[in-house]
Amino acid sequence: MKKKTKVRLPFTVKPKQKYSFPVPIPPCSVIAVRRGVGKPWTSKAGLVFRVGYYSKMDGLDCIWLVGETGSYDQTIDHECLDKLFEIRSVAKERSLYGRGRPQFPPLVR
């Protein structure tokens, strides 16, 4: 007799704080590191990232950053996005999880 497995859903809570950008920020939006921010980001001031597609296991508060080469580099949350990054453009992407979408190509300037 097979045991039924439950679907594991992520624990995601909508942030209580209000931000100047839509929450969750749409994938393919372009963001850049602000100048004069904290120590780990000081050397990366002005570096441009794109917001990657969300993962169902990570939840909607885990924002994946896509580097200029098109690879997923690191993750941040909405609070970190508000403090350390400036938003250059907000995309009109409707698919949060990227289902049926192609991979990110390298960023063209």
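Every number here is computed from the coordinates shown, using simple stated rules; none is lab data. This one's a predicted model, so the numbers in the text were calculated from it and none came from an experiment. Here Cβ is always computed from backbone atoms with ideal geometry, including for glycine, and neighbour counts include all displayed protein chains.
Within the shell of other residues whose beta carbon sits under 9 angstrom from the beta carbon of VAL66, the net charge comes to -1, with Lys and Arg scored +1 and Asp and Glu -1.
I need the trypsin sites (Lys or Arg not before Pro) found in region 13-60, filtered to DSSP loop residues with at most 15 other beta carbons within 10 Å of theirs. Loop-located and lightly packed - LYS16, LYS18, ARG34, ARG35, LYS56. Computed log10 I(q)/I(0) for the chain at 0.21 Å⁻¹: -1.20, from the Debye equation with unit scatterers placed on every C-alpha and solvent omitted. Cut-off 19 Å, label point 7 angstrom out along Cα-to-Cβ of ASP73: give me the residues of region 79-95 whose amide nitrogen falls inside. Under 19 Å, as judged by backbone N against the label point of ASP73, lie 79-91 of region 79-95. Put in line by how crowded their Cβ is, counting other Cβ atoms within 10 Å and starting with the fewest, CYS62, CYS28 read CYS62, CYS28.
When you restrict to C-alpha pairs under 8 Å that are six or more residues apart and normalise by the size of the chain, the relative contact order lands at 29 percent. Out of region 45-99, which chymotrypsin sites (Phe, Trp or Tyr not before Pro) are coil in DSSP terms and have no more than 12 other C-beta atoms within 10 Å? Sparse-neighbourhood loop chymotrypsin sites (Phe, Trp or Tyr not before Pro): TYR97.
Convex hull volume per residue, computed on the Cα atoms of region 30-87, equals 78 Å³.
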